[in-house]
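Let me begin by presenting the structure, written as structure tokens, before commenting on it.
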Amino acid sequence: MELSGLESWNSTSDCCHWERVRCHNSQKVTSLDLFHLTPSLAMKTLVKSDVLAPLFHLQTLIFLDISYNGHIQGEIPGVGLANLTNLVRLYMAGNSLIGSLPPQLFSLRRLEYLDVSYNFHGGNVPAQIGNLTNLKFFSLYSNKVSGAIPPSLMHLTRLEYLDLGHNFFTMEIPTDIGNLSNISYLSLRENNFSGEIPPSIQKMEELEVADLCDNNLEGTLPQWLADTDIKYLLLSNNKFSGSLPPHLFQSQSFLALILSYNNLSGALPETIGEASRMKILILSSNRFFGTVPPSISKLGLRLLDLSCNKFSDDEFPLFNPNSSLAYIDFPSINYQVRFQ
């Protein structure tokens, strides 16, 4: 199998001079970048995960990237992984790894970045995840992990990026998720979470992206969302109901508000034109009715979707022809778009 990037690897030269290898003081290997070495899956060549075993003798490793080598198949060899106690960054995304995350993984207490996304891991997230208290980045996106989020995950207070999307998590979002107060990116999309949005999210003062799309979340949209610094709020394809709180559009933080495919109803609030920074507003496939407030045309929107609702007016609000609006959709109502 031809592996690009390893042409300089040979037994007659110092490994510290090889491509994709870095050493400390030209003696100890501290970084190994094996990102995307194997050919495409079209070649149908599979490599067992045992091929990783020699790497686990490099106990001085701080950085290890074996991501997007889709042919690596099997379970993560936990026993060998436990040797890498100095690891700070571990990237294993985009492979064909299966099974539960090995408990030895959670003994690597220096880890700050852990990416195991785009694999086929199953089982639950073990309680030992709480041991990784230095973790800043954790992505488990697109696996087959199920069960509830373990309470111990709330001990990872240094987390800045958490992506558990596209799995099979169930139960409610933990009520104390707000303890992760340093998170700026939170994605729990495409799971089976139920219940309401936990009020403790208000404590996430650094949160900019909250993606809770494609779950079974319900209840009304809380007014306090407008008092956060969230810039991108994605709540589509859930079971939220009730009307939009007028205060929601008095937020000066929102850049994108995506609420499509819910059970929201009522008239759009007159305050909708006060969301001065809003660029994307998607309210399609709900049960809104009545008049679309003229103030909506004051927004500097790039994308507006009000389709599949029950608005009653014959005319759409007047937009400036020089506005930045690039896309607008309302096929299920009888509006005529008007530009000044």
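No value in this document is a laboratory result; all are computed from the given coordinates. Predicted model, so just to flag it, every value in this text is computed and none were measured. Ideal geometry is used to build each Cβ from the backbone, glycine not excepted, and the neighbour counts take in all protein chains shown.
Please give the length that would be gained between Ile328 and Asn192 if that part of the chain were fully extended, namely 0.36 nm times their separation in residues minus their C-alpha to C-alpha distance (nm, one decimal). Result: 45.9 nm gained on full extension. What fraction of the DSSP beta bridges in the chain is antiparallel, stated in percent and rounded to the nearest 5? So the antiparallel bridges amount to about 5 percent of the total. For a modelled paramagnetic label at Gln252, 7 Å from Cα along Cα-to-Cβ, the residues of the stretch 264-305 in reach, with backbone nitrogen under 11 Å, are 276-277. For Gly147, nonlocal amide neighbours, meaning residues 5 or more places apart or on other chains whose placed amide H falls under 5 Å from its own, are Thr170.
Determine the equivalent ellipsoid of the stretch 1-121 by diagonalising the alpha-carbon gyration tensor, then write out the semi-axes as square roots of 5 times the eigenvalues, largest first, rounded to whole Å.
Equivalent ellipsoid of the stretch 1-121: 22, 20, 11 Å, largest first.
Taken along its three principal axes, the alpha carbon spread of the chain comes to 78, 40, 37 Å, from the longest extent down to the shortest.
Here the Karplus relation 6.51 cos²θ - 1.76 cosθ + 1.60, evaluated at θ = phi - 60°, turns the backbone of the stretch 87-93 into coupling constants of 4, 10, 10, 10, 10, 10, 5 Hz, with x for every Gly and Pro.
Dividing the summed -39500 (n - 2.57) terms of all DSSP H runs of n ≥ 4 by the residue count of the chain sets its mean residue ellipticity at 222 nm at 0 deg cm²/dmol. Any idea how far apart Thr175 and Ser13 come out in nm if each label point goes 7 Å out from Cα toward Cβ? Placing both labels 7 Å along Cα→Cβ, they lie 6.1 nm apart. Phi-derived couplings, Karplus 6.51 cos²θ - 1.76 cosθ + 1.60 at θ = phi - 60°, listed residue by residue for the stretch 126-142: x, 4, 5, 4, x, 6, 8, 6, 8, 5, 10, 10, 9, 10, 10, 4, 6 Hz, with x used for Gly and Pro. In the chain, taking the dipole from charged Cβ atoms about the Cα centre, the farthest positive-side position among Ser49, Gly147, Phe316 is held by Ser49. Electrostatic tally near Glu19: other residues with Cβ closer than 12 Å to its Cβ, Lys and Arg +1, Asp and Glu -1, net 0. For Ile72, the residues whose amide H sits under 5 Å from its own are Val47, Ser96, ignoring neighbours fewer than 5 places away on the same chain, with H placed 1.01 Å from N. Potential lengthening of the chain between Asn83 and Ser276 amounts to 64.2 nm, from the contour at 0.36 nm per residue minus the alpha-carbon distance. Phi angles of the stretch 55-62 translate, via the Karplus equation with coefficients 6.51, -1.76, 1.60 and θ = phi - 60°, into HN-Hα couplings of 5, 7, 8, 8, 5, 8, 4, 10 Hz per residue; Gly and Pro are given as x.
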